Amino acid sequence: PYRAELPATLTALTPKQCATTTPKTCAPDLFCWVNPLPQGNPVRGMFAVAPNDIWAVGEAGLALHYDGVSWTKSQTDLTENLNAVWAAGSKDVWAVGEAGKSIHYDGTAWSPINPMTPLNLTGVWGSSATDVWAVGDAGALLQSAGFGGGWIKKTLPGNEPLSAITGESGSAIYAVGKAGTIYTYNGMTWTKVTPAPTTADLLGINAAGG
C-alpha cells in the first residue's frame with residue numbers, strides 16, 4: 001500500500017557491460033558476509049600451486065581457494081584459527097592451526113588429521129606428497145605418515161616456539177622461530193644453528209625449492 005519515488009539517472013554503456021557478482025561466503029548457520037566480499041576474516045597463510053590454484057587460510061577455520069578468476073570458500077568445519085597451508089597439488093592440501101588442529105584436502109573435501117599435540121601449529125611444508133612437516137609452539141615438530149595419513153611426533157634439540165618451515169628437498173629443511181631460532185635438517189638429524197644470527201623473532205622463511 002506504500003509507494004515512494006526516487007529520481008535516478010541511467011547511462012547506457014556501449015558496448016554493453018554486465019556487473020560482476022562476487023560470491024558470498026556463508027557459514028553453516030546460513031549467515032553470510034555482505035561486506036567485505038568474499039569474506040572478512042583475517043588471512044594468516046597462503047600457498048600457490050599454480051596461478052589458477054591458490055589456497056589461503058585464516059581465522060575461524062577459514063579456507064579460500066582461487067581458481068584464476070575468483071576466490072571461493074572451502075568448507076573446513078573448523079572454528080579454530082588456521083595459521084598455515086601447503087599443497088603438493090590440487091588434490092593434496094595440508095593446513096595447520098591452533099590447538100594442534102590440522103586438516104587435509106583430497107580434491108573433494110577437508111578431513112581432520114589425527115592430533116599429535118595440543119600446541120598451536122604455525123607452519124607446514126612438504127618435500128613431496130608423502131613427506132610433510134609441521135612446526136609450532138614449544139618446539140612442536142610433526143612429520144606426515146604418508147599421503148594425508150596422519151602425523152608422527154618428532155623431537156628437536158630445543159623447545160623454542162617455531163613459526164615457519166620450508167626446504168629445498170627432503171634432506172634440506174629449515175625451521176625458524178622466536179629470538180632468532182633456526183633449525184636445519186639434513187634428512188637424518190635436526191641441528192640448531194648457533195650462535196643465532198639475530199635475537200629478533202623470525203616469522204617466515206622460504207627456500208629455492210620451497
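What follows draws every value from the coordinates through simple rules; no lab data is involved. Keep in mind that this is a model prediction, so the values were computed, not measured. Don't worry about glycine lacking a Cβ; one is built from the backbone with ideal geometry, like all the others, and counts go over all protein chains shown.
Beyond 27 Å in Cα-Cα separation lie the following of the pairs 153/192; 91/153; 101/178; 73/153: 73/153.
Taking a ≥ b ≥ c as the square roots of the eigenvalues of the Cα gyration tensor, the chain is prolate, since a/c reaches 1.5 or more and a/b is larger than b/c. When the Cα gyration tensor is reduced to axis lengths a ≥ b ≥ c, the ratio a/c is 1.5 or higher for segment 23-142, and with a/b not above b/c it is classed as oblate.
Shape call for segment 92-210 from the C-alpha gyration tensor, a ≥ b ≥ c root eigenvalues: rounded (a/c under 1.5), prolate (a/b greater than b/c) or oblate?
Working: a/c = 1.91, a/b = 1.51, b/c = 1.26.
Judged from the Cα gyration tensor, segment 92-210 comes out prolate (a/c at least 1.5, a/b above b/c).
In straight-distance terms, cross-link reach from residue 154 covers every one of the aspartates and glutamates whose alpha-carbon lies under 17 Å from its own, apart from those fewer than eight places away in the same chain; here that gives 131, 137. Packing, as the average of other Cβ atoms within 10 Å across residues, places the peptides 108-119, 47-58 in the order 47-58, 108-119, highest first. Between residue 8 and residue 198, the contour length at 0.36 nm per residue exceeds the alpha carbon distance by 62.2 nm.
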